[in-house]
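The values are calculated or read from the model by the stated rules, or taken from the named source; none is laboratory data. These figures come from a predicted structure and were not determined experimentally. Cβ placement follows ideal geometry from the backbone for every residue including glycine, while neighbour counts extend to all protein chains displayed. To get the accessible areas, we keep the full protein, side chains included, count just its heavy atoms, and leave off ligands, DNA and RNA. Shrake-Rupley method; radii C 1.70, N 1.55, O 1.52, S 1.80 Å.
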Amino acid sequence: MLLIHCPYCGETLPETEFAYAGEAHIARPENPSEQTDAEWVEYLFMRSNVKGVHFERWRHIHGCGRFFNAARHTVTDKFLTTYKAGEPRPDIEALTGIKAGVKEGEK
Amino acid sequence: MSTYRIQGRGRVNHSEPVYFTFDGKTYTGLRGDTVASALLANGVHLMGRSFKYHRPRGAVSAGSDEPNALLGTRRGKGQFEPNTRATLQEVRGNLETTSQNKLPSLKFDIGAINDASYMMFSAGFYYKTFMWPKSFWDKVYEPFIRAAAGLGVAPSEEDPDDYAARYVHIDLLVVGGGVAGIMAALTGARAGAKVVLVDETAEMGGALLSEPAVTIGGMAGWDWLAAALEELESLGVQVMTRTTAIGYYHENMVGLVQRVSDHLDHVPEGAPRERLWRVRAKQVVLAQGALEKPLVFDGNDRPGVMLASAAQTYLNRYGVKVGSRAVVVTTHDSAWYAAFDLAEAGISVAAIADIRPKIDAELVSKARALGIEVLPSHTVITTRGRLRVKSVSVAPVSNGAVGTSRVIPCDVVLMSGGWTPSLHLFSHTQGKLKWDAEAQVYLPDVKTEEVEIAGAGRGLWGYGAALEDGVVAGRTAVKALGLRATARAPGVGVDRPGTGIMVKDLPTNGDPGKARAFVDFQNDVTAKDIRLAVREGMRSIEHVKRYTTNGMATDQGKMSNMNGLMIASDALGKAPPQVGLTTFRPPYTPTTFGALANYVRGHQFEVTRKTAIDSWAEENGAVFEPVSQWRRAWYFPKDGEDMAAAVARECAATRKSVGIFDASTLGKIEVVGPDAVEFMNRTYTNPWTKLAPGRTRYGLLLGEDGYIRDDGVIGRLSQDRFHVTTTTGGAARVLNMMEDYLQTEWPDLKVWLTSTTEQWATVAVNGPNARKVLEPLVEGLDISNEAFPHMSIAECTVAGLPARLFRLSFTGELGFEINVPASKGRVLWEALMKSGAEYDICPYGTETMHVLRAEKGYIIVGQDTDGTVTPGDAGLDWALGKKKPDFIGMRGLKRPDLVASGRRQLVGLLTSDPKVKLEEGAQIVLDPNQPKPMKMVGWVTSSYYSATLGRTIAMALIEGGFDKMNDTVYIPMPDKTITAKITGTVFYDPEGEKVKL
Ligand SMILES: [Zn+2]
C-alpha cells in the first residue's frame, strides 16, 4: 500500500485515506460555449496516458477533504512529490533526475 | 514404531505419538512431524493423483514448494481445506486427511485413462482440442474438463473458524528463519532496532534443521540455534513461526499470514485459525534461501522419486528414512552430501549418477568408502514401478551420445538439479533480476524498496557465507535506521557448500516423444509440451507459460520455472535471459479467503446505515431492502400479505387518503455563502438567480459530457443558503463533484459545502389528506395552499421540533417532506402516525414509492438513466437554464452525437395484455420476425403493476421514441414475444392537478 503526503495536512498517510481524481493540469476552459468541437473533445476526453511520470490529482477524502496534485511514476506506481492545487507543475527532472513524460504540445 | 523411523533421531518428540487419519485409515506420527514425514515414516509414498493425467504421486519436497502431496484436511464440520501441503501441515490429534483427484480410489483410478491418452493432452490442448464445434462446449467439453480437472474439492459448508488481523509498524522485518535471517535479526536487535523475524515452518532454523553436523561459533549447530533464539527473545524480537510472508507491497508493507491453531490438537476458546498481519517496516531483509530443482527425465514423477534435500530433511529433521535402497541422480554436490547422510544412517545407497564428467575427488572417495557406486557422466533414462518406484535406468553419456542403459533396483530415487535462489517476494516489488551466466541463476539486481537480500537468495552457498551475509544485510539495514551495528558472524565448521551445474531435460536414448518427463508436476506439463510450444511459435517464456500452463499452478512454478526456461532456451537456441523470466505475484503460497477477509465478513462485511425511523419499521414488520449502504423499508406487509398485495394496498391508501414514507436516506447538502447562487448556477442546469427564498425547484446535475448525473429538489432558504437534496446513492458522489469544482476550478467563489444527510430525518407525507394530518402539528407557519403553495420551503416547528418543511411531491399527490434533527426522527414519525390515525394513514416503503413515482413518470437517476442519457433524452429539457452563459454540461450537450437524431428517448410502454408485466432490462425490437441477431432499439428501464390503473405500466429508452408515440414494439422473451404500445411517461393525473390541492 502506497504512502501519500497530503500537502495540506503535511502528513504522509496510507493510500486508503485518499481517492484518485484523474489527470492534473487540465483546466476547464474559461468559456466552454466558445469551444470548437475539436477543442472540447481535447478537454473532455484526451489524456496523456504516460508511461513514466504522470501528473495527477488526488483527494484526501477521508482526511482534510482537499484536492491536490501529485507526480507519480506509472511504472513503479510511486509518488515522486505532491503539491497544492493551483501550484505549477514542479520540475521533476531537477527534483528526482527522472524525465517527466509530458504530452506533446504541452507546457 | 515403523521400520522407517530412526529412534531418537531428528527434532520430533519420540515420546509423544500423534494419531491422525489418511483416507480413513489411522496412522501414528510424532509431535513435530508434518503429515508427509509421518506418512513416510509409515512407508507411505503414494499421497495423491495428479491434476491432468491422474498419475500416482508422492511427496517430492519437504517444504512449501510441494506440488504433489496436496491433501484435503478436516477438523470438524465446515473446517475443511483442500490442497493443504502435506509437507507443511503438522500432524495433530483430530486431523483427518484425504487424498485428491482419485476416482474411485487412490490406488485404482479410472481417470488415469487420461494418462493413456497422453498424446491428446499436449501443450495448448485446451486451445486445440476444444475449439470446434461450438455446440460441443456445453455438452461435451465443459463437463469433461470439469470432471477431469480441478485440484481438490472446494469446501461447501460455511467456515465456522475465526480469522484475525493486525497492523504492526517496526524498524526491521526479516523474512526467513534460516541462519542468514537469524543473523540479520540478531544484528538489528543488538543495535536496538524493533525487529520481527518470520518463518513459514513450525521451527526457526531453515536448512540448519536438516544439517545437524554443522558447527557454529564452536557449538553444535543446533545448540547455536537454541542460543540465538534465546538471545532474540531476550532482545525483544518478535519471532513468528508458521508465518508466511505472502506478499511484498509498496513502501515496505509486507503481508503475513500466521497459522495460529492448525497445528493444535484442540483450539483454545476464541483462538483464531489464522491471523493476517500487515507489517510496515522501515527496512526489510529477505533471507528466503533457495529451492532445489528436480531433474527432468521420463518417470521423474513416480512416488519415491524426490528431491535429495527432501530426503535429507526427512532423515535429519524428522528421523525418517524415505526408503531402504536409494539411487541418487544429480548435477550438484549437495545431493552427494544427502547421499552420505543417508548411507551413514543405514540406508542402502546403490549408486550416485551424476551428469557431470568431473566430480570432486573427495566426494568420489567418500562415496566409495560408504560402498556407493559412482557413475559420472550418467543420465537417467526412465523409472519403473506402478504406485512406487521399483527401479531406475541409467546410461552413460559421452559427447552427447547416450550409451546402453542399465537398470538399478531401488525404492527411492533422490534427484537434484541444483538450486534456485528464492526471490518471489523481491519480484513482488518489481525488483529487477539479472542472469548470472556462471552460476546460471537469476540474482537480485535493481531494488525498488528499502530491502536487502541475504544468503542463498543471492546465490551464496554454505553456512559460513550465509551467516556473514546475514550480518552484512543486517548492518546495512541498521545503518539506514540511523543505528550502530556491532554484530559479527560466528565461525563455522563442517560446512559443505558445494557446486553444480544447471541442465535442461536429461539426454535419453528412448523416444523423447513418448517420455513423461515432467517439468511442472502440479499442472502435469512435460518437457515435450514445452518443446512443442516452441515449435508452434511461442518465443517468449511468458507465451510458453500460458500455452503449456507451466508454472501456472498454485505453486507458481517454484520447482518448474527454471527447468521450463532451460528447456525453452535450448529449443530456441538462445541464452535464458533472452527468453525471459516470468513474474512472481502474491501470494507466495495459496492463502485462505478467511485470512484475507478476517473480520470483514457477515454483518461486518459492510456497514449498514439505518435511519432514525428504522427501529419503528422493524417493530412494525417492515421487509427491508439494501439501497447503497442503507437498509430501507421495502414494504409493510399485513397478516398474510405478499409483496404485491402489500404494495397495492399501500398505493391505494396513499392515493385515496394519506401515506407516510421515511425519506431520510435522501442525500442532503447545505450550500452556503455569498456566492451560493452563482455556484448553483454553474453546477446545476437550472436557473437559480430568480428563485426566491422560500421556494424550491427540481434540480438537474450533468457531467461535462452532458449526461445526467443526479437530480433532486433544491430549496432556497435565504439569499445565501440552499438546501440541496440528491439521490440516496448519489450523495457522496455529488458532494465530491461539488467540492472538486469549488476547490480547483472556482476557488474564488465564497461558498461552503456541508453534507447534512445524517443530520436530518426526513418524513414524506403524501395524499389528499396530507395537509389535514400535518396542519395540527405545525407551529409558526400557515401551510394552506395559498400561503404555502406547491414547491415551497420554510423553517417552522413541527410536533414541537425545529423543522425544515418542504411542500413537494414524488407521488403526484399533495405532499410534504418534513426534516427534523435526525435524533428526533422517530418522535416526528410517531406524532404524524397519531395525527394521521383518523385518516387511516398508511406507512409505505420503497416499492410503493417506486410505483407511485412511475405512475407519474418521475425518473430515478441510475434506473431510468444509465450515464448516457441527456436531459433531452429523458424529456427534461425544460430544466435547462438556456439563457445562462454556462453550467456543467452545457457545452457537452452541444456535442454532435448528443444533438443527432435517433437517440434513445424515455417513453412509456403499455403492454397489449394489461396483466403482462415486462422485465426491467428486457430488450425491445421493432420487427419480431426479422432474422437473428435482431436489431435492438432499446430496453425497459422501469416496470410495475399499478393498482391505481388496474394494469401494468413501464418506461423504456427507445431509439427515436418521442416520434413513435402509439407505435407497437415487441419484447422477445425466452418463452414468448410481448407486444406493447409506446406512450407518454405520465400515466396518472397528466394535468398535475392533484399536487395543487
Ligand atoms: Zn489532508
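Dipole orientation for the stretch B:295-416: of the candidates B:Val328, B:Val305, B:Asn399, B:Val305 has the Cα lying most toward the positive pole (charges on Cβ; Lys, Arg +1; Asp, Glu -1). Relative contact order of chain B: 9 percent, from C-alpha pairs under 8 Å at least 6 residues apart in sequence. For the peptide B:881-891, the mean number of other protein chain Cβ atoms found within 10 angstrom of a residue's Cβ is 3.
Could you give the Stokes-Einstein D for chain A in µm² per second, using the C-alpha Kirkwood radius, 37 °C, 0.692 mPa s? Roughly 222 µm²/s, to the nearest whole number. What a 1.4 Å probe finds exposed on the protein assembly as shown is 53% carbon and sulfur by accessible area, rounded to a whole percent. Each Lys and Arg Cβ is given +1 and each Asp and Glu Cβ -1; about its Cα centre, the stretch B:626-748 then shows a dipole of about 660 debye.
Put simply, the convex hull of the Cα atoms in the stretch B:263-306 casts, on average, a shadow of 7.1 nm².
Label zone (B:Asp265, point 7 Å along Cα-to-C-beta; backbone nitrogen cut-off 17 Å) within the stretch B:54-92: B:75-76, B:90-92. When B:Glu373, A:Glu30, B:Glu452 are compared by accessible area of protein heavy atoms, the largest-first order is A:Glu30, B:Glu373, B:Glu452, using a 1.4 Å probe. Estimated at 0.36 nm per residue, the fully extended path between B:Lys932 and B:Phe593 surpasses their Cα-Cα distance by 117.7 nm. Pairs of Cα atoms nearer than 8 Å and 6+ residues apart set the relative contact order; for the stretch A:3-96 it is 28 percent. Under 15 Å from a point 7 Å along the Cα-to-Cβ line of B:Leu749: which residues of the stretch A:19-52 have their amide N that close? Inside the label zone: A:28-32.
To the nearest 20 Debye, how big is the dipole of the protein assembly as shown about its Cα centre, given +1 on the beta carbon of each Lys and Arg and -1 on that of each Asp and Glu?
On the way: 124 positive and 128 negative charges, 462 e Å.
About 2220 debye.
Annotation for the B:A interface, with buried accessible surface near 2300 Å², both sides summed [1.4 Å probe; non-protein components not counted]. Computed with every protein chain present, the accessible area of B:Met791 is close to 40 Å² [probe 1.4 Å]. Considering only DSSP beta bridges where both residues belong to the protein assembly as shown, give the percentage that are antiparallel (nearest 5). The antiparallel fraction comes to roughly 75 percent.
Its Cα gyration tensor gives the stretch B:509-587 an equivalent ellipsoid. The semi-axes, each the square root of 5 times an eigenvalue, are 19, 16, 10 Å from largest down. Each of B:Asp639 and A:Lys51 was given a label point 7 Å from its Cα along the Cα-to-Cβ line. The distance between the two points is 7.3 nm. Within the stretch B:247-283, the residues that become at least 30 Å² less accessible when every protein chain is included than when their own chain is isolated (1.4 Å probe; DNA, RNA and ligands ignored) are B:His250, B:Glu251, B:Arg280.
Less than 5 angstrom separates the built amide H of B:Val627 from those of B:Arg632, all sequence-distant by 5 or more or on a different chain.
Of the whole protein surface, A:Cys64 contributes about 60 Å² of accessible area at a 1.4 Å probe radius.
For the stretch B:285-391, DSSP calls about 10 percent of its internal beta bridges antiparallel. Shielding by partners for peptide B:735-746, expressed as the average number of C-beta atoms from other protein chains within 10 Å of each residue's C-beta, is 4.
Hey, what's the Kirkwood Rh for the stretch B:659-838 if you take every pair of different alpha carbons, in angstrom?
Every distinct Cα pair counted, the radius reaches 16.7 Å.
Based on alpha-carbon centroids, what's the gap between the stretch B:150-208 and the stretch B:226-254 in Å, whole number please? Taking the Cα centre of each part, the stretch B:150-208 and the stretch B:226-254 sit 5 Å apart. Using 0.36 nm per residue and subtracting the Cα-Cα separation, the extra length available between B:Glu625 and B:Val168 on full extension is 160.7 nm.
Computed with a 1.4 Å probe over protein heavy atoms only, the accessible surface of the stretch B:295-416 comes to 32 Å² per residue. Each label point was placed 7 Å from the Cα along the Cα-to-Cβ direction; for B:Glu230 and A:His25 their separation is 6.3 nm. Annotation: cysteines of chain A without a disulfide-compatible partner (Cβ-Cβ under 4.7 angstrom) are A:Cys64. Of the residues B:Ala353, A:Phe67, B:Leu777, the one whose Cα sits farthest toward the positive end of the charge dipole of the protein assembly as shown, with +1 on the Cβ of Lys and Arg and -1 on the Cβ of Asp and Glu, is B:Ala353. Take the Cβ atoms of B:Asp963 and B:Asp913, set R0 to 30 Å, and the FRET efficiency comes out at 0.75. Restricting the trypsin sites (Lys or Arg not before Pro) of the stretch B:508-542 to loop positions (DSSP other than H, G, I, E, B) with no more than 13 neighbouring Cβ atoms within 10 Å leaves B:Lys514. Taking each DSSP H run with n ≥ 4 as -39500 (n - 2.57) and averaging over every residue of chain B yields -6000 deg cm²/dmol at 222 nm. Ranking B:Leu186, B:Ala369, A:Ile92 by Cα position along the charge dipole of the protein assembly as shown, where only Lys, Arg, Asp and Glu carry charges on their C-beta atoms, puts B:Ala369 farthest toward the positive end. In chain B the longest region clear of chymotrypsin sites (Phe, Trp or Tyr not before Pro) that are loop-assigned by DSSP and have at most 14 other C-beta atoms within 10 Å covers B:131-598. Largest to smallest in accessible area, the residues B:Ser365, B:Ser540, B:Ser569, B:Ser15 fall in the order B:Ser15, B:Ser365, B:Ser540, B:Ser569 (1.4 Å probe, all protein chains included).
What lysines sit close enough to B:Lys976 to cross-link, taking a C-alpha to C-alpha distance under 16 Å and skipping anything fewer than 8 places away on the same chain? Of all the lysines, those that pass the test against B:Lys976 - Cα under 16 Å, at least 8 places apart if same chain - are B:Lys915, B:Lys917, B:Lys932. Our estimate of slack between B:Arg31 and B:Ala787, defined as 0.36 nm per intervening residue step minus the Cα-Cα distance, is 263.5 nm. For the protein assembly as shown, the normalised intensity computed at q = 0.06 Å⁻¹ comes to -0.66 (log10 of I(q)/I(0), Debye sum over alpha carbons, equal scatterers, no solvent).
Based on the Kirkwood approach, the hydrodynamic radius assigned to the stretch B:578-624 is 15.4 Å, with every pair of different Cα atoms included. Going from the chain on its own to the full set of protein chains, the stretch A:13-42 has these residues losing 20 Å² or more of accessible surface (heavy atoms, 1.4 Å probe, no ligands, DNA or RNA): A:Arg28, A:Pro32, A:Ser33, A:Asp37, A:Trp40.
Placing R0 at 35 angstrom, the Cβ-Cβ distance between B:Arg496 and B:Arg325 gives a FRET efficiency of 0.90 after rounding to 0.05. With the helix formula -39500 (n - 2.57) applied to DSSP H stretches of n ≥ 4, chain A reaches a computed 222 nm mean residue ellipticity of -3000 deg cm²/dmol.
In this rough spin-label picture, where each label sits 7 Å from Cα along the Cβ direction, the A:Arg89-B:Trp435 distance is 3.9 nm. Set the Förster distance to 41 Å, then compute FRET efficiency between B:Ser615 and B:Lys981 from the Cβ-Cβ distance, nearest 0.05. After rounding, the FRET efficiency stands at 0.35. Take B:His250: with every protein chain present and a 1.4 Å probe, its accessible area is about 50 Å². The separation of the stretch B:286-331 from the stretch B:859-876, counted between C-alpha centres, amounts to 67 Å. Charge dipole (Cα centre; +1 on Lys/Arg Cβ, -1 on Asp/Glu Cβ; no other charges) of the stretch B:18-94 amounts to roughly 260 debye. The candidates B:Glu795, B:Glu200, B:Glu66, arranged from most to least accessible area with a 1.4 Å probe in the full protein assembly, appear as B:Glu795, B:Glu200, B:Glu66.
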